[in-house]
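The values are calculated or read from the model by the stated rules, or taken from the named source; none is laboratory data. All of these numbers come straight from a predicted model, not from anything done at the bench. Cβ placement follows ideal geometry from the backbone for every residue including glycine, while neighbour counts extend to all protein chains displayed. Only protein heavy atoms, including side chains, enter the accessible area calculation; ligands, DNA and RNA are left aside. Shrake-Rupley method; radii C 1.70, N 1.55, O 1.52, S 1.80 Å.
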Amino acid sequence: MKGNVALILEDRRMNMYSISASIERIEFEISVTRQQLNHHLDKLQDHLVAELTKAVENSTKHIQNFIMALIKKQRDIEEWIEDVESIKKHATDKQTFLGMTNLETKLNKTSNDLQSWIDGNHLSQTVVSFHLNTLLHNIINERTKFGKVVVNAMPSKLSLKRRMLDQAQMIKVNAKSTSSLEHMKLELKTKMNTNAFNVSGCCISANENSVVVKYDPSYLILIAADGKTENNIISIMQTIIDVTCVDNETVAVISYTKKNIYLVDIKSRKTIKSIHTIDPAVCSTYTEGTFIVCLENGQIKEFRLEENKTNNISSTVVSRSITELNNTLYSVKKDKNTSVCHKRNGDILWTFTDEEILQKPRGITVDEHGNAIDAGVESNNVIAISSDGTKHKILLSKTDLCGSPWAVSFNNKFEYLLVSNDKDSHAFLYSVNYS
């Protein structure tokens with residue numbers, strides 16, 4: 001109780017601190033938005049001033065050209081007046097006749113030109129004006145706000161310690177698991193040819209389709225429920241080490257050399273999202289919007305898809321493969337012939353090591369009863385381990401599999417188990433029965 005009260009007190013203090021810190025963050029966002037608006041308005045103003053300058057220059061140039069033409073006409077008329085005065089004083093009758101005839105022709109043409117200018121648009125008044133954008137009018141005139149302050153009460157994610165309740169639940173689950181393990185049987189539904197000789201992962205989607213990963217060269221193999229290969233998805237990334245189904249149309253893959261989780265749309269065969277993992281990953285699992293990823297450096301991290309949040313999971317186990325059920329983790333220890341069941345805080349619930357039964361375990365999955373299912377590469381078998389780690393059962397032997405099983409995946413919805421071999425390019429889909 002003392003620990004729980006201290007935990008709640010710290011949570012409330014952190015909430016107060018986050019509220020105070022939000023003021024600075026929101027003020028910064030407002031300032032950035034204001035700067036962006038100012039910058040955008042400056043660009044609009046510069047563009048409009050440039051447009052105005054160009055319009056004025058064009059209009060002024062047109063009028064200036066017309067003025068130059070008028071000045072030339074004015075000079076011509078003055079010269080004609082001087083010619084008339086000269087004819088009056090010095091010209092003979094014949095010269096006067098010819099000169100006046102020529103002058104009359106010029107005057108008629110000029111008169112016609114003047115009339116055409118009046119009738120046309122040469123003498124129209126050019127007026128340059130400005131119309132403000134109605135959206136800017138609305139911002140200026142209407143009583144709008146810069147934004148709206150929203151205060152939400154989010155559900156608490158605080159987890160209190162209930163030791164006795166955890167122990168009671170564990171006893172209940174273990175009793176059910178032991179019973180389910182004793183009656184657990186596999187029935188082969190489909191034998192599939194993957195054409196992949198170095199498998200690194202597999203999963204079963206919600207529509208019963210299977211996805212198998214070829215490690216090098218890396219690509220995804222999509223197999224229908226009837227065992228027919230639908231297509232392959234290539235050019236995602238190199239050295240894909242694991243795959244997990246997110247929904248009917250999306251799978252998530254990780255690479256031994258890349259620092260990302262790639263979400264791939266099966267229909268379009270394109271990557272639709274990338275999540276940075278800091279370091280390359282060796283295995284992953286997905287449950288209800290949350291990825292748990294074991295990094296190459298030994299860390300275990302949780303990535304929440306919708307919230308874009310990352311949490312560290314405390315664990316002393318360096319996992320080679322991992323799966324999850326009801327916040328309990330099941331791992332294959334790296335470079336060990338050992339399977340481990342552990343909590344998120346690092347507490348070990350059980351450890352299974354029996355080198356006569358399980359050698360070089362690689363893939364691990366878990367059924368709805370908490371039975372861990374391991375694929376032994378060198379022991380050429382698939383075994384189930386009860387949730388208390390005290391009992392085991394060999395589900396598939398070398399005779400059943402023919403090749404080294406590498407990847408396994410259990411689907412709770414259909415109670416299907418998918419097993420993919422590493423050496424003989426075969427995968428097997430089993431129906432799991434507990435009666």
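Solvent-accessible surface of segment 343-435, taken per residue with a 1.4 Å probe and all protein chains present: 38 Å². For the pair segment 295-373 / segment 8-41, the C-alpha centres are spaced 38 Å from each other.
A 1.4 Å probe, protein heavy atoms only, puts the accessible area of T390 near 100 Å². Measuring nothing but how far apart in sequence close Cα pairs (under 8 Å, 6+ apart) lie, relative to its length, segment 340-428 scores a relative contact order of 21 percent. As a length-normalised measure over Cα pairs under 8 Å and 6 or more apart, the relative contact order of the chain settles at 12 percent. When the solvent-accessible area of segment 351-422 is split by element, carbon and sulfur atoms take up 42 percent of it, the probe being 1.4 Å.
Distance between the 7 Å Cα→Cβ label points at K72 and M16: 8.8 nm.
Applying the criteria of a DSSP loop state and at most 13 other Cβ atoms within 10 Å to the GluC sites (Glu not before Pro) of segment 302-373 yields E306, E307, E355, E356. State the percent of C-alpha pairs, over all pairs in segment 45-146, separated by a distance greater than 23 angstrom. Counting every Cα pair in segment 45-146, those more than 23 Å apart make up 58 percent. For the chain, with a Gaussian network of springs between Cα atoms less than 10 Å apart, report the residue from L188, L70, L44 with the top mean-square fluctuation. Checking each option, the largest mean-square fluctuation is seen for L70.
Treating r as the C-beta distance of L103 and L123 and R0 as 22 Å, the FRET efficiency rounds to 0.25.
Think of a 1.4 Å ball rolled over the protein heavy atoms: segment 206-290 then has 45 Å² of accessible area per residue. For I313, the shell of other residues with beta-carbons less than 11 Å away shows a net charge of +1, using +1 for Lys and Arg and -1 for Asp and Glu. Averaged over its residues, segment 75-142 has an accessible area of 88 Å² per residue, based on protein heavy atoms and a 1.4 Å probe.
To the nearest 10, the accessible area of W117 is 40 Å² with a 1.4 Å probe. Spatial offset of segment 89-120 relative to segment 179-229 amounts to 104 Å, using the alpha carbon center of each. One entry in [x] 275; [y] 230; [z] 252 is volume of the Cα convex hull per residue in Å³ calculated from the shown coordinates; its label is [x]. Between the Cα long axis of helix 93-119 and the first principal axis of the chain there is an angle of about 30°, rounded to the nearest 10.
For segment 188-267, the relative contact order is 23 percent, taking Cα pairs closer than 8 Å that sit 6 or more residues apart in sequence and dividing their mean separation by the residue count. Heavy-atom surface analysis with a 1.4 Å probe gives segment 1-137 a carbon and sulfur content of 60 percent of its accessible area.
When trypsin sites (Lys or Arg not before Pro) are flagged only if DSSP places them in a loop and at most 14 other Cβ atoms lie within 10 Å, the longest unflagged stretch of the chain comes out as 268-412. Using the Cβ-Cβ distance between H62 and H39 with R0 set to 41 Å, the FRET efficiency from 1/(1 + (r/R0)^6) comes to roughly 0.70.
Label positions at I8 and I278, each projected 7 Å from the Cα along the C-beta direction, are separated by 3.2 nm.
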